[in-house]
Amino acid sequence: MTIVISLVNCFRITSSLELLMGIRWPRILRPKQLSQLILSQKNPLKALQIFDEAKCKYPTYRHNGPVYGTMINILGRSGRTTEMKRIINQMKEDSCECHDSIFVNAIRSYAQAGLTNEAIFLFKSLPEFNCIEWTRSLNTLLEILVEESKLESVYQLFLENSCRWEVKSRARFLNLLMNVLCRMKRSDLALHIFQEMSYQNCYPDKESYRILMRGLCEEKRLNKATHLLYSMFWRISQKGSGEDVVVYRTLLEALCDNEEGVEAIQILGKVLRKGLKSPKRFFKQIDLTQCQNGSDTEDMKVLINDALIKGIVPSSDSYRAMAVDFYAEGKIDEGNKVLKEMHDRGFKPSVAIYEAKVAAFFRDGQVDEAIMVIDCEMVQKNCVPNIRLYNAVIKGLCHERKSTCAVKYLERMSRQVGCVPNYETYETLVDGLCKDGKYVEASNVMEQMSINSFWPRVGTFNSLIQGLCQVGDLHGAIMCLEDMISLALTPDIHVWKSLLDAICCENGMNEASFKTLEQLQTPYHSL
């Protein structure tokens with residue numbers, strides 16, 4: 001118990017020592033310099049101390065919006081919502097001009113900390129700030145409320161803010177509201193919002209039609225869905241757009257499922273002529289009579305999809321839209337047909353298509369096939385993976401308890417020019433390795449993470465320290481504790497217990513580990 005008390009005291013002493021360490025201030029301080037200075041700090045409390053001291057050392061200096069945004073973001077990421085709230089209030093009192101993105105980050109930080117009511121209160125207090133646009137803040141808050149199923153709050157915010165001049169674009173907000181209603185099987189209300197969009201000074205876009213079409217078809221309101229399709233021809237497809245094919249396909253497949261094959265064939269012809277504006281030469285390649293002879297619903301869907309693929313006016317956007325839609329629905333064979341058609345037409349598949357394909361394979365449990373996409377197929381097509389695709393592969397492998405295999409993609413990213421691992425990459429890998437009991441490997445990844453100035457959450461630190469204690473790597477556990485202390489994070493009580501158990505174990509602490517523990521307690525050991 002004496003050792004544990006020493007560790008606790010060490011935690012308090014080193015945290016205090018770090019905050020007392022001085023910095024070299026410039027002769028004249030500018031906001032951009034201060035932002036760089038606080039960003040370079042490992043400890044968020046040290047960054048906050050520098051932020052607060054700036055005004056005392058430079059009486060004529062004033063924080064601007066970007067400096068406040070940097071400080072708020074640092075505190076939010078580290079989970080220090082109390083300190084973040086103080087800085088937000090200080091920004092309000094200073095009445096400095098601030099950007100919408102500051103509140104977006106603050107709202108997300110509150111939500112991650114389980115303080116949704118604080119996020120709502122902050123948004124409602126925006127009139128007190130010198131901020132001229134709230135569009136992103138409103139959309140972010142609404143998305144969070146939808147995820148938490150707080151639909152009454154969503155509706156109330158809609159009534160209070162839909163007509164405010166600070167909200168510049170309402171289309172995304174109304175699409176979100178329609179999506180919620182369709183998920184609640186209230187496509188009738190979603191249709192009403194759709195029809196009223198013009199009164200909100202905005203017009204339906206492709207996403208509006210996609211959401212409403214899917215909602216109407218899921219509720220078997222096919223007459224309304226058909227009228228929606230015709231209005232789409234008139235409004236946004238007058239010139240023909242291959243990207244609209246995902247909306248058309250939703251209705252055609254719903255008609256097949258409802259045993260209305262004849263109607264589906266008739267509408268398919270109109271889609272090809274009016275919606276997609278297919279050149280006449282493509283009609284010679286399409287035999288719609290096959291649909292009439294097919295009695296099986298699934299066979300008819302395949303024939304209709306083939307007709308749409310061949311009838312599309314060839315373009316990267318149209319093929320991408322259709323392939324991504326197929327893969328999102330788990331229809332891998334149909335997605336592969338689109339890829340083949342793209343290749344035959346001389347188009348190169350985009351990374352977005354491969355992202356959707358990899359995600360489809362992982363959802364279906366086909367891990368080896370997902371790996372083949374990035375290791376072989378993309379190489380053959382000279383398509384270079386991006387950070388999102390690498391993260392998707394790493395996440396999929398970790399979910400399948402193959403975190404060791406995922407590590408090689410971190411190494412591959414590090415060798416690829418212009419593709420730098422981000423916070424999500426490291427966080428996913430460290431968590432995945434810990435879940436697989438690969439604590440030493442997780443510690444190595446976290447070391448790379450720290451070199452790139454990324455740090456995991458408190459829970460990840462706690463899991464890693466406890467795991468290292470379990471496998472007998474007490475030196476590594478204490479090093480992780482050292483990193484945790486330097487970030488002004490408080491270890492969980494179970495972490496202290498794990499350290500105590502490891503120390504008390506017969507061979508749990510060697511001479512080197514004792515020396516490390518002694519170093520932690522010396523005033524010269526700066527974290």
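The values are calculated or read from the model by the stated rules, or taken from the named source; none is laboratory data. Everything quoted here is computed from the prediction, not taken from an experiment. Every residue, glycine among them, receives a Cβ derived from its backbone with ideal geometry; neighbour counts consider all protein chains shown. Side chains included, ligands, DNA and RNA excluded: accessible areas come from the protein's heavy atoms. Shrake-Rupley method; radii C 1.70, N 1.55, O 1.52, S 1.80 Å.
Each residue of region 462-467 in turn: what ³J(HN,Hα) in whole Hz from Karplus with 6.51, -1.76, 1.60 and θ = phi - 60°, glycine and Pro shown as x?
Running phi through 6.51 cos²θ - 1.76 cosθ + 1.60 with θ = phi - 60° gives 4, 5, 5, 4, 5, x Hz.
Taking all protein chains as present, what is the carbon and sulfur share of the accessible area of the chain, in % to the nearest whole number, probe 1.4 Å?
51
Note down the accessible area of VAL246, probe 1.4 Å, to the nearest 10 Å².
Spelled out: VAL246, probe radius 1.4 Å, area about 20 Å².
Straight distance only, please: which lysines reach the Cα of LYS46 with their own Cα at less than 20 Å, same-chain residues fewer than 8 apart left out?
LYS32, LYS55, LYS57, LYS85
Assigning unit charges at the beta carbon (Lys, Arg +1; Asp, Glu -1) and nothing else, what dipole magnitude in debye, to the nearest 20, does region 317-403 show about its Cα centre?
The calculated dipole for region 317-403 is roughly 240 debye.
Can you pull the three principal axis extents for the Cα set of region 306-352, in Å, largest first?
If we take the Cα atoms of region 306-352, the spans are 25, 25, 14 Å.
May I ask for the distance between the Cα centers of region 252-270 and region 422-459, given as a whole number of Å?
51
Among SER450, PRO385, TYR423, which residue has its Cα furthest toward the positive end of the charge dipole of region 383-489, with +1 on Lys/Arg Cβ and -1 on Asp/Glu Cβ?
PRO385
For Rg and Dmax of the Cα atoms in Å, the choices are (i) 25.3, 86; (ii) 28.4, 86; (iii) 23.5, 74; which was calculated from the structure?
(ii)
Efficiency by 1/(1 + (r/R0)^6): what FRET value for ALA352 and ASP52, r their Cβ-Cβ distance, R0 = 45 Å, to the nearest 0.05?
Computed FRET efficiency for ALA352 and ASP52 comes out at 0.50.
For the pairs LYS337/LYS381; LYS150/LYS224; LYS185/LYS220, note any where the Cα-Cα span goes beyond 18 Å. Walk me through the numbers before you get to the answer.
Working: LYS337/LYS381 16 Å; LYS150/LYS224 29 Å; LYS185/LYS220 11 Å.
From LYS337/LYS381; LYS150/LYS224; LYS185/LYS220, over 18 Å: LYS150/LYS224.
Between PHE121 and GLN470, what is the spin-label point distance in nm, taking each point 7 Å from the Cα along the Cα→C-beta axis?
3.9
Quick one: what are the phi-derived ³J(HN,Hα) couplings along region 24-31, Karplus 6.51/-1.76/1.60 with θ = phi - 60°, whole Hz, x for glycine and proline?
8, 8, x, 5, 10, 9, 10, x
Please work out the FRET efficiency for the pair ASP501 and LYS220, using the Cβ-Cβ distance as r and a Förster radius of 56 Å; give the result to the nearest 0.05.
The calculated FRET efficiency here is 0.40.
Show me 329-337, 24-32 ranked by packing, highest mean number of other Cβ atoms within 10 Å first. It would help to have the intermediate numbers written out before the result.
On the way: 329-337: 16.3, 24-32: 11.6.
Highest mean packing first, the order is 329-337, 24-32.
Any idea what the dipole of region 89-131 comes to, in debye rounded to 20, about its Cα centre with Lys/Arg Cβ at +1 and Asp/Glu Cβ at -1?
Value, rounded to 20: 200 debye.
Take the chain, mark every one of the chymotrypsin sites (Phe, Trp or Tyr not before Pro) that falls in a DSSP loop and has at most 11 other Cβ within 10 Å, then report the longest stretch left between them, sites excluded.
166-523
With a 1.4 Å probe and all protein chains left in place, how much accessible area per residue does the chain have, in Å²?
That works out to 50 Å² per residue.
Given the -39500 (n - 2.57) contribution per DSSP H run of 4+ residues, what per-residue ellipticity at 222 nm results for the chain, rounded to the nearest 500 deg cm²/dmol? Numbers along the way, then the final one.
Values: 30 runs with 357 residues, N = 527.
The per-residue figure over the chain is -21000 deg cm²/dmol.
Rounded to the nearest 0.05, what FRET efficiency is calculated for ASN336 and ASP188 with R0 set to 30 Å and r the Cβ-Cβ distance? All intermediate terms of the calculation are to be shown ahead of the outcome.
Values: r = 37 Å, r/R0 = 1.24.
That gives a FRET efficiency of 0.20.
Placing unit charges on C-beta atoms (Lys and Arg positive, Asp and Glu negative, everything else neutral), compute the dipole magnitude of the chain about its Cα centre in debye, rounded to 20. Don't skip to the answer; put the middle values down first.
Working: 65 positive and 64 negative charges, 387 e Å.
With Lys and Arg at +1 and Asp and Glu at -1, about 1860 debye.
How do 376-384, 473-481, 220-228 rank on mean C-beta neighbours within 10 Å, highest first?
For the peptides 376-384, 473-481, 220-228, the packing ranking is 473-481, 220-228, 376-384.
Over all distinct Cα pairs, what is the inverse of the mean 1/r for region 390-429, reported as the Kirkwood hydrodynamic radius in Å? Write down the numbers at each step before the final one.
Numbers: mean 1/r = 0.1010 Å⁻¹.
Evaluated on region 390-429, it is 9.9 Å.
Cα centroid distance between region 329-346 and region 96-134, in Å?
A separation of 43 Å, based on Cα centres.
For a 23 Å ceiling on Cα separation, which of these pairs sit above it: LYS408/LYS497; LYS168/LYS206; LYS357/LYS402?
LYS408/LYS497
For the pair GLU259 and ARG457, how long in nm is the line joining their label points, each one 7 Å along Cα→Cβ?
Inter-label distance under the simple model: 5.0 nm.
Determine the gain in length on full extension of the stretch SER149-ASN130; use 0.36 nm per residue of separation and subtract their C-alpha separation, reporting nm with one decimal.
3.7 nm
What is the distance, in nm, between label points placed 7 Å from the Cα along the Cα-to-Cβ direction at ASP296 and at ASN444?
So the label points at ASP296 and ASN444 sit 5.1 nm apart.
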